[in-house]
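**Q** My questions will all concern the structure given below.
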Amino acid sequence: SLKGYQSVGRDVTDQRRAEDALRENEASLAGIFRAAPVGIGVVSDRVLIRVNDRIGEMTGYSRDELEGRNARILYPTDEDYQYVGNVKYAMIRERGTGTVETRWVRKDGTVRDILLSSTPLDPSCGTAEVMFTALDITDRKLAETRLHAALEALTRTQGELEARYAELTQVKETLTEANRKLHLLSSITRHDILNKVSVLMGTIELAKTKSHNPAMAAFIRKLESATMAIREQIEF
């Protein structure tokens, strides 16, 4: 009947719309895979279903070498592989997405640090098929390590400088006190010596008036000259 024909026509239209939408989504996904500056892939039960060229650049493998293989090929150890499987997928089940820092090993054996983020293609199907992005953060982590080392060295240097400054301050205080004591001692010593010199000069003057012996007068002159020299040196 005409009514039945119209029903079939409506079903075909809906199907075509769904197919067109699927093709559009596939085209958009393919465009994202090609244009994205980060690695993108799809895994199903941790088997690599699809990867973009950036994944190949990061790992040194071709797409053909990766697609269809278990993701274990990307990890340097079983521990790294299991960590991602446990932690990241637990995040996906809890939050709908998971992000972890991990390590991948390139085909040539070089190990790289990777920031891995994943989300299910269909949240209603759990983690059956998961899309992931991979960002190589090796250079960033190396820079962070160097910066951390530089900061530690700077902190050590600052501590050493502060300790050295405290030590020099203590030395300065010690020297200041020593100079004060030496100045006091030298002042007292100078004063005492000059007093003794004055007494000696007085005694010499008295001796000059008491003695009329020419030989003694010569000795007295020598004593007077030496005493005056001592006074000049002390005063200087």
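The values are calculated or read from the model by the stated rules, or taken from the named source; none is laboratory data. In this text, all values refer to a predicted model and were calculated from it rather than measured experimentally. Here the Cβ is made from the backbone with ideal geometry for all residues, glycine too, and neighbour counts use every protein chain on show. Keep in mind that these areas ignore ligands, DNA and RNA; they rest on the heavy atoms of the full protein, side chains included. Shrake-Rupley method; radii C 1.70, N 1.55, O 1.52, S 1.80 Å.
**Q** Which of (1) part of a helix (DSSP H, G or I); (2) open to solvent by 70 Å² or more (accessible area, probe 1.4 Å); (3) touching a residue at least 40 places away in the same chain (Cβ under 8 Å) does M58 not meet, given it meets every other one?
**A** (2)
**Q** Test H183 against the stated conditions and say whether it is open to solvent by 80 Å² or more (accessible area, probe 1.4 Å), assigned to a helix (DSSP H, G or I), of a type outside the set (K, R) and modelled with pLDDT of 80 or more. Let's see the steps before the verdict.
**A** Working: open to solvent by 80 Å² or more (accessible area, probe 1.4 Å): yes; assigned to a helix (DSSP H, G or I): yes; of a type outside the set (K, R): yes; modelled with pLDDT of 80 or more: yes.
Judged against the criteria, H183 is a match.
**Q** Taking A153 and the conditions (1) open to solvent by 100 Å² or more (accessible area, probe 1.4 Å); (2) within 16 Å of the chain's Cα centre (by Cα), which numbered condition does it fall short on, given that it satisfies the others?
**A** It fails just one condition, (1).
**Q** Follow-up. Listed residues A226, A215, A207, A143; which is modelled with pLDDT of 85 or more and out of contact with any strand residue (DSSP E or B) (no Cβ under 9 Å at 6 or more places or on another chain)? So that I can check it myself, show each step before the final result.
**A** Values: A226 fails: modelled with pLDDT of 85 or more; A215 fails: modelled with pLDDT of 85 or more; A207 fails: modelled with pLDDT of 85 or more.
On inspection, the qualifying residue turns out to be A143.
**Q** Within region 61-105, how many residues are open to solvent by less than 60 Å² (accessible area, probe 1.4 Å), closer than 16 Å to D136 by Cβ, assigned to a strand (DSSP E or B) and not hydroxyl-bearing (S, T, Y)?
**A** Qualifying residue count, region 61-105: 3.
**Q** Would you check if there is a residue in region 150-164 being β-branched (V, I, T) and not in a helix (DSSP H, G or I)? Even if it seems obvious, please write down each step before you answer.
**A** Of region 150-164, the ones β-branched (V, I, T) are 155, 157.
With not in a helix (DSSP H, G or I) added as a condition, the list becomes none.
Among the residues of region 150-164, not one is β-branched (V, I, T) and not in a helix (DSSP H, G or I), which makes the answer no.
**Q** Hey, any hits in region 189-210 for a residue that's basic (K, R), surrounded by 12 or more Cβ atoms within 10 Å (Cβ to Cβ), in contact (Cβ under 8 Å) with a residue 24 or more places away in the chain and assigned to a helix (DSSP H, G or I)?
**A** There is at least one residue in region 189-210 that is basic (K, R), surrounded by 12 or more Cβ atoms within 10 Å (Cβ to Cβ), in contact (Cβ under 8 Å) with a residue 24 or more places away in the chain and assigned to a helix (DSSP H, G or I).
**Q** Take A166 and decide whether it is open to solvent by less than 70 Å² (accessible area, probe 1.4 Å), farther than 30 Å from E79 by Cα and either hydrophobic (A, V, I, L, M, F, W, C) or in contact with a Ser or Thr (Cβ under 7 Å, 6 or more places away or on another chain) (or both).
**A** Working: open to solvent by less than 70 Å² (accessible area, probe 1.4 Å): yes; farther than 30 Å from E79 by Cα: yes; either hydrophobic (A, V, I, L, M, F, W, C) or in contact with a Ser or Thr (Cβ under 7 Å, 6 or more places away or on another chain) (or both): yes.
So A166 fits the description; yes.
**Q** Additional query: Looking only at region 106-149, which residues are loosely packed, with under 11 Cβ neighbours inside 10 Å, within 27 Å of the chain's Cα centre (by Cα) and either in a loop (DSSP other than H, G, I, E, B) or not hydroxyl-bearing (S, T, Y) (or both)?
**A** D139, R146, L147, H148, A149
**Q** Would you mind stating whether T157 is free of Cβ contacts under 8 Å to residues at least 12 places away in the same chain and within 30 Å of G85 (Cβ to Cβ)? Break it down into steps so the answer makes sense when it comes.
**A** Working: free of Cβ contacts under 8 Å to residues at least 12 places away in the same chain: yes; within 30 Å of G85 (Cβ to Cβ): no.
Taking the combined requirement at face value, the residue does not satisfy it.
**Q** Got a number for residues in region 37-55 being in a loop (DSSP other than H, G, I, E, B) and surrounded by fewer than 19 Cβ atoms within 10 Å (Cβ to Cβ)?
**A** Of the residues in region 37-55, the ones in a loop (DSSP other than H, G, I, E, B) are 37-38, 45-46, 52.
Checking the rest, the ones that are also surrounded by fewer than 19 Cβ atoms within 10 Å (Cβ to Cβ) come to 37-38, 45-46.
Matching residues across region 37-55 total 4.
**Q** Can you say whether D122 is touching a Lys or Arg at 6+ places or on another chain (Cβ under 7 Å) and either of a type in the set (S, T, N, Q) or closer than 30 Å to I40 by Cβ (or both), as far as the supplied structure shows?
**A** no
**Q** Looking at region 171-178, can you tell me whether even one residue there is assigned to a loop (DSSP other than H, G, I, E, B) and either under 30 Å from F236 (Cβ atoms) or open to solvent by less than 90 Å² (accessible area, probe 1.4 Å) (or both)?
**A** Here is the first cut: in region 171-178, the residues assigned to a loop (DSSP other than H, G, I, E, B) are none.
No: zero hits.
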